[in-house]
Amino acid sequence: MAFTCRQCGSCCMYLGDYIVIEKQTGPFSFECSSVSTGTPFSAEIDPDKRHLFSDRSWIDAHPTACRFLRPDGGLIRCTIHRDSPPQCKFYRCVVMRVFDKSGRQVGTVTGTLALHSDDPDLRTEYDEAMRSIRDSDPDAEERLQDFFERRGYRTG
Ligand code: SF4
Ligand code: SF4
């Protein structure tokens, strides 16, 4: 399923303790670490976002956010898009929306196939589906989608 990031910034708002600047090595370059994976990485602010990065008013007011996040008009953007760590590049917050028979959205599924839902029936179905689907399967998303649709849900 195609995923397009809307650059809303939500997924980066609480990553300030996880993407850490260890040392500034130049006006726009940094040695960093990704705490969750224990991986060091070097990052340079994207040339077209340096004016955004230099304005600290928003980031100073949002202490939990990743230090590289900045507003840009209606968007909240990563200013190291080129050099961001792999888990940031590959993150997909929603790969599937799940609707019940009346058309009401009852859940979403992330790129790691985690279900976000308060609906107990959908959660029961999901748990059953995931007993036979490994999230490392190349066709795992399609299999989960098929499962939901066979149980009367609509996905999109
Ligand atoms: S991955 Fe999702 S939550 Fe994160 S910025 Fe993109 S649309 Fe927003
Ligand atoms: S490096 Fe970029 S994508 Fe990753 S958490 Fe920070 S702002 Fe978000």
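Each value in this text was obtained by applying a stated rule to the coordinates, not by laboratory testing. Note that the structure is a prediction, hence the values are computed from the model and not measured. Cβ: placed from backbone, ideal geometry, glycine included. Neighbour counts: every protein chain shown.
Please list, ordered by chain and number, the residues whose modelled amide H lies under 5 Å from the amide H of Met96; skip anything fewer than 5 residues away on the same chain.
Amide H neighbours of Met96, under 5 Å, 5+ apart: Val109.
About its Cα centre, how strong a charge dipole does the chain have in debye, to the nearest 20, once Lys and Arg get +1 and Asp and Glu get -1 at the Cβ? Could you put the intermediate results ahead of the total?
Working: 21 positive and 24 negative charges, 66 e Å.
The dipole of the chain has a size of about 320 debye.
In segment 74-142, which trypsin sites (Lys or Arg not before Pro) fall in coil by DSSP and have 10 or fewer other Cβ atoms within 10 Å?
Numbers: sites: Arg77, Arg82, Lys89, Arg92, Arg97, Lys101, Arg104, Arg123, Arg131, Arg134; in loops: Arg82, Arg92, Lys101, Arg104, Arg131, Arg134.
Answer by residue number: Lys101, Arg104, Arg131, Arg134.
Defining a contact as two alpha carbons under 8 Å apart and six or more residues distant in sequence, what relative contact order in percent does segment 10-89 show? Kindly include the intermediate steps, with their values, before the conclusion.
Working: 120 pairs, mean separation 23.4, N = 80.
Dividing the mean separation by the residue count of segment 10-89 yields 29 percent.
Expressed in nm to one decimal, what extension gain is obtained for the pair Arg150 and Arg131 from 0.36 nm per residue of sequence separation less their Cα-Cα distance?
Details: separation 19, 0.36 × 19 = 6.84 nm, distance 1.61 nm.
Length difference between fully extended and current span is 5.2 nm.
To make sure I understand, if each residue's beta carbon is the centre and we count other beta carbons within 10 Å, what order do Phe30, Phe68, Phe99 fall in, fewest to most?
Working: Phe30 20, Phe68 27, Phe99 15.
The order, fewest Cβ neighbours first, is Phe99, Phe30, Phe68.
Pairing the Cα long axis of helix 140-150 with the longest principal axis of the chain, what angle in degrees results, from 0 to 90 and rounded to the nearest 10?
Taking Cα atoms only, the helix is inclined about 40 degrees.
Taking the Cβ-Cβ separation of Thr124 and Arg92 as r and a Förster radius of 30 Å, what is the calculated FRET efficiency to the nearest 0.05? Walk me through the intermediate numbers first.
Numbers: r = 25 Å, r/R0 = 0.82.
Efficiency, rounded to the nearest 0.05: 0.75.
Using alpha-carbon positions, what is the distance between the centroids of segment 46-91 and segment 100-156, in Å?
32
Semi-axes of the equivalent ellipsoid of segment 96-155: what are they in whole Å, largest first, if each equals the square root of 5 times a C-alpha gyration tensor eigenvalue?
Working: eigenvalues 62, 25, 22 Å².
Ellipsoid semi-axes (Å, largest first): 18, 11, 11.
What's the percent breakdown of Cα-Cα distances in the chain across 5 Å bins, shortest bin first?
2, 8, 16, 17, 14, 12, 11, 10, 7, 3, 1, 0
At a threshold of 8 angstrom on Cα-Cα distance, excluding pairs fewer than six apart, so keeping six or more, what relative contact order does the chain reach in percent? Write out the running numbers ahead of the final one.
Values: 229 pairs, mean separation 28.0, N = 156.
With pairs under 8 Å counted, the relative contact order is 18 percent.
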